Amino acid sequence: MNTAAAIDSRHAAGQRLRERMFSAATFVAALLVLTLLGGVALTLLHGAWPALAHFKLRFLTSEVWNPVTDQFGALAAVYGTLVTSLIALAIAIPVSLGIAIFLTELAPAWLKRPVGIAIELLAAVPSIIFGIWGLFVLAPILQRHVQPWLIDTIGPLPIVGRLFQGPPFGIGILTAGIVLAIMVVPFVSAVARDVFETVPDVLKESGYGLGATTWEVIWQVVVPYARTGMIGGIMLGLGRALGETMAVTFVIGNAHRIGSSLLAPGTTISAAIANEFTEAVGDLYTSSLVALGALLFLITFAVIAAARLMLLRLERRALSSV
Amino acid sequence: MSRRFLRKVINLVALGLSGLATAIGLFFLGAILWTLLSRGFAGMSAALFTAMTPPPGGSGGLLNAIYGSLAMTVIGILLGGPVGMLAGTYLAEYGRNARLSVVIRFVNDVLLSAPSIIVGLFVYELLVIRMGHFSALAGAVALAIIAIPVTVRTTEDMLNLVPQGMRDASTAMGAYPWRTITSVIYPAARSGIVTGLLLAIARISGETAPLLFTALNNQFWSTNLNAPMANLPVVIFQFALSPYPNWQQLAWSGALLITLSILILSITARLVVARLGPGGQR
């Protein structure tokens, strides 16, 4: 064997070794992402086990959260989490759709980019900023101007009125819902804008060709076409609202109770964990908070997974139609 | 009223409402920025960057918190960035069509939107309990876990934008895939990958919830990674909820600092992509 061939084969061996190392490194990193999710689930379950074993089903059905007597039930926190998120969605869905429609169908080209970026920047603002803004700016305004009006006008009505009774605290379930809505809007509108843009121009043009107004094209052509993607975006927003911590912790009032009034203070799963975790004494208390975390993980996982599956199906449809 | 007129009215009202919705969105962005600027600038002074966080009523700054935030963000991105880039490389190159990649992409998307407080709990159970105390390192690990899915996603997207022809050309010259990826594809996607890293930094530098029970807080100057460390988000959280005016003022100044740096990072990231395109060439 001559020298050149020997160097060549040694070089090739070195290349093969590096190839194996590099591809193995990427594979291990990819596996790490996979195990991260499983690791989170198992770790939370492990930490939650003492509380779950002690309270069994009572943990889910009890409203009592009393560190003094070591009685812990998740119901009030779960209630607060769901209600604040629903309020957020009720406000955020119409506003986000409006923004998406404005950005895709109405705005002149020179306005599209700056407005789109501004809305996206709203998504980049950290949640703690929304928290202090909500506590120091929004809550006083609500307390002085909005909530007294709600109590006076809607409060006396039958059924609906019960949601708007009691003193105006400023902070509470409703305020948390509004702050969440502001945080969720950029997410939902970004997804909605993207799926609106996947609607083929031919479809819209045939709508206009038939004499439809802009609104009729949007409502009867664009929205039905983009429905799956829109729902996916809304569920992503819901996932974010359910798990949002800092913004809610500031304005929710942190009371483990279920009140009929939306104006009353309450708590959410994430707010309870953020507030109490470092101060929790006793294994059962800590474990109960971790169990709350596991519950939140379960709820958000289901919502996010459903949202991603919907968006995934949409992507596949878009690919197959190309 | 004719039907045609009615349709026109409905059209105008609906379009007007969508414009209004956009105005509402912009209004809140403006309102939040205005509050931050007006309240935050009141506390801007040299002391903010040179003094430690004060006791209630005393005077001081945010130096230890600024240092802590920088340190944990840097370590977080140093830990999470490479892992995210490698995993993104696997998804875009080696495992592009593997069945496993479908699962990993899905899991990554779930992690991308998972509540950050869950990550805090995870790291608490994983590291803080084992080590027996809170530490800056645990905080950095929590931030890294949040940075990973962001980096995976942007890296994969950016690598996918590199034309297949470049891979084929490199392969035809006898290069192994690792050589093609590191010498051809990474340079071609450089500015896109950098943008992804910038966005990941922007994301983790404002995170509060995962630091609450990993890094905790520290009223004093500390560079020990194995001990609790002050950081801007947690300081803002504690100071804003305190009854002391000087603490609240510092919270506003800290909030302004953090928001400005994140907005600058996000805008820079966007400009990089807009100016240079994903490949870095004009």
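The values are calculated or read from the model by the stated rules, or taken from the named source; none is laboratory data. Quick caveat, the model's predicted, so the values are computed rather than measured. Here the Cβ is made from the backbone with ideal geometry for all residues, glycine too, and neighbour counts use every protein chain on show. Side chains are part of the model used for accessible areas, which takes the heavy atoms of the whole protein and leaves out ligands, DNA and RNA. Shrake-Rupley method; radii C 1.70, N 1.55, O 1.52, S 1.80 Å.
Is it the case, given these coordinates, that A:Leu312 is free of Cβ contacts under 8 Å to residues at least 60 places away in the same chain and of a type in the set (A, V, I, L, M)?
When the stated conditions are applied, A:Leu312 passes them.
What are the residues in the range A:135-149 that are more than 8 Å from chain B (Cβ to nearest Cβ) and under 12 Å from B:Leu241 (Cβ atoms), if any?
Selection gives nothing.
Out of curiosity, is B:Ser18 open to solvent by less than 70 Å² (accessible area, probe 1.4 Å), at pLDDT 85 or above and facing chain A (nearest Cβ under 7 Å)? Full working, then the answer.
On the way: open to solvent by less than 70 Å² (accessible area, probe 1.4 Å): yes; at pLDDT 85 or above: yes; facing chain A (nearest Cβ under 7 Å): yes.
Yes, satisfied.
Among the residues of the range B:250-271, what is the count of those that are facing chain A (nearest Cβ under 7 Å), open to solvent by less than 40 Å² (accessible area, probe 1.4 Å) and either farther than 20 Å from B:Thr53 by Cα or not in a helix (DSSP H, G or I) (or both)? Step through it out loud before you land on a result.
Within the range B:250-271, the subset facing chain A (nearest Cβ under 7 Å) is B:251, B:255, B:258-259, B:262-263, B:266, B:270.
Of the ones still in play, those that are also open to solvent by less than 40 Å² (accessible area, probe 1.4 Å) are B:251, B:255, B:258-259, B:262-263, B:266.
Within this subset, residues satisfying the condition of being either farther than 20 Å from B:Thr53 by Cα or not in a helix (DSSP H, G or I) (or both) are B:262-263, B:266.
Qualifying residue count, the range B:250-271: 3.
Would you confirm whether or not the range B:234-248 contains a residue that is closer than 21 Å to B:Pro149 by Cα and surrounded by fewer than 24 Cβ atoms within 10 Å (Cβ to Cβ)? Full working, then the answer.
Taking the range B:234-248 as the starting set, the residues that turn out to be closer than 21 Å to B:Pro149 by Cα are none.
No.
Considering the range A:193-245 alone, what residues qualify as being closer than 30 Å to B:Pro210 by Cα, small (Gly, Ala, Ser) and free of Cβ contacts under 8 Å to residues at least 60 places away in the same chain?
A:Gly243
Check B:His133 against each of (1) open to solvent by 10 Å² or more (accessible area, probe 1.4 Å); (2) closer than 26 Å to B:Ile193 by Cβ and name the one condition it does not meet.
Of (1) open to solvent by 10 Å² or more (accessible area, probe 1.4 Å); (2) closer than 26 Å to B:Ile193 by Cβ, only one is false for B:His133: (2).
When the range B:23-58 is examined, which residues are found to be open to solvent by 50 Å² or more (accessible area, probe 1.4 Å) and more than 14 Å from chain A (Cβ to nearest Cβ)?
B:Phe41, B:Met44, B:Ser45, B:Ala46, B:Phe49, B:Thr50, B:Met52, B:Pro55, B:Pro56, B:Gly57
When A:Leu37 is evaluated against the numbered criteria (1) in a helix (DSSP H, G or I); (2) loosely packed, with under 13 Cβ neighbours inside 10 Å, which criterion, by number, is the only one it fails?
Just one mismatch for A:Leu37, condition (2).
For residues that are outside any helix (DSSP H, G or I) and surrounded by 24 or more Cβ atoms within 10 Å (Cβ to Cβ), scanning just the range A:254-286, find the one that is farthest from the other protein chains (Cβ to nearest Cβ).
Filtering the range A:254-286 down to residues outside any helix (DSSP H, G or I) leaves A:254-268, A:280-282.
The next check asks that each one be surrounded by 24 or more Cβ atoms within 10 Å (Cβ to Cβ); those that pass are A:263, A:266-268.
Values: A:Leu263: 21, A:Gly266: 17, A:Thr267: 13, A:Thr268: 10 Å.
Across the range A:254-286, the extreme among qualifying residues is A:Leu263.
Can you go through A:Val115, A:Val125, A:Val185, A:Val95 and tell me which one is farther than 27 Å from A:Leu263 by Cβ, in contact with a helix residue (DSSP H, G or I) (Cβ under 9 Å, 6 or more places away or on another chain) and within 14 Å of another protein chain (Cβ to nearest Cβ)?
Checking each option against the conditions leaves just A:Val115.
Condition first: within 15 Å of A:Glu105 (Cα to Cα), acidic (Asp, Glu) and open to solvent by less than 30 Å² (accessible area, probe 1.4 Å). Now tell me which residues in the range A:203-253 satisfy that.
Across the range A:203-253, there are no qualifying residues.
Name the residue, out of A:Leu289, A:Leu296, A:Leu309, that is out of contact with any Lys or Arg (no Cβ under 6 Å at 6 or more places or on another chain), within 10 Å of another protein chain (Cβ to nearest Cβ) and farther than 30 Å from A:Ala192 by Cβ.
Values: A:Leu296 fails: farther than 30 Å from A:Ala192 by Cβ; A:Leu309 fails: farther than 30 Å from A:Ala192 by Cβ.
From the options A:Leu289, A:Leu296, A:Leu309, the qualifying one is A:Leu289.
Can you tell me how many residues within the range A:54-110 are more than 22 Å from the chain's Cα centre (by Cα) and of a type in the set (Ser, Thr, Tyr)?
Residues in the range A:54-110 being more than 22 Å from the chain's Cα centre (by Cα) and of a type in the set (Ser, Thr, Tyr): 4 in total.
Can you pull out the helices (runs of 4 or more DSSP H) entirely within the range B:175-242 that have at least 2 residues that are within 14 Å of chain A (Cβ to nearest Cβ) and touching a residue at least 24 places away in the same chain (Cβ under 8 Å)?
Output list reads B:190-205, B:209-212, B:232-240.
Is at least one residue of the range B:165-186 open to solvent by 10 Å² or more (accessible area, probe 1.4 Å) and under 30 Å from A:Val137 (Cβ atoms)?
No: the range B:165-186 contains no residue that is open to solvent by 10 Å² or more (accessible area, probe 1.4 Å) and under 30 Å from A:Val137 (Cβ atoms).
Is the range A:29-44 home to any residue that is more than 7 Å from every other protein chain (Cβ to nearest Cβ), touching a helix residue (DSSP H, G or I) at 6+ places or on another chain (Cβ under 8 Å) and under 30 Å from A:Tyr208 (Cα atoms)?
no
Is it the case that B:Leu48 is in contact with a Phe, Trp or Tyr (Cβ under 9 Å, 6 or more places away or on another chain) and not in a loop (DSSP other than H, G, I, E, B)? Explain how you work it out, then say what you get.
Numbers: in contact with a Phe, Trp or Tyr (Cβ under 9 Å, 6 or more places away or on another chain): no; not in a loop (DSSP other than H, G, I, E, B): yes.
Against the criterion (in contact with a Phe, Trp or Tyr (Cβ under 9 Å, 6 or more places away or on another chain) and not in a loop (DSSP other than H, G, I, E, B)), B:Leu48 does not qualify.
Scan A:Thr153, A:Thr104 and give me the residue that is surrounded by 15 or more Cβ atoms within 10 Å (Cβ to Cβ) and more than 8 Å from chain B (Cβ to nearest Cβ). Before you say what the answer is, go through the steps one by one.
Details: A:Thr153 fails: surrounded by 15 or more Cβ atoms within 10 Å (Cβ to Cβ).
Going through A:Thr153, A:Thr104 in turn, just one is surrounded by 15 or more Cβ atoms within 10 Å (Cβ to Cβ) and more than 8 Å from chain B (Cβ to nearest Cβ): A:Thr104.
Of all residues in the range B:131-140, which are closer than 15 Å to B:Ala209 by Cα and either facing chain A (nearest Cβ under 8 Å) or in a helix (DSSP H, G or I) (or both)?
Within the range B:131-140, B:Ala136, B:Ala138, B:Gly139, B:Ala140 qualify.
Among the residues of the range B:100-130 satisfying the criterion of being open to solvent by 50 Å² or more (accessible area, probe 1.4 Å) and farther than 16 Å from A:Thr35 by Cα, which is farthest from the other protein chains (Cβ to nearest Cβ)?
Taking the candidates together, the pick is B:Arg130.
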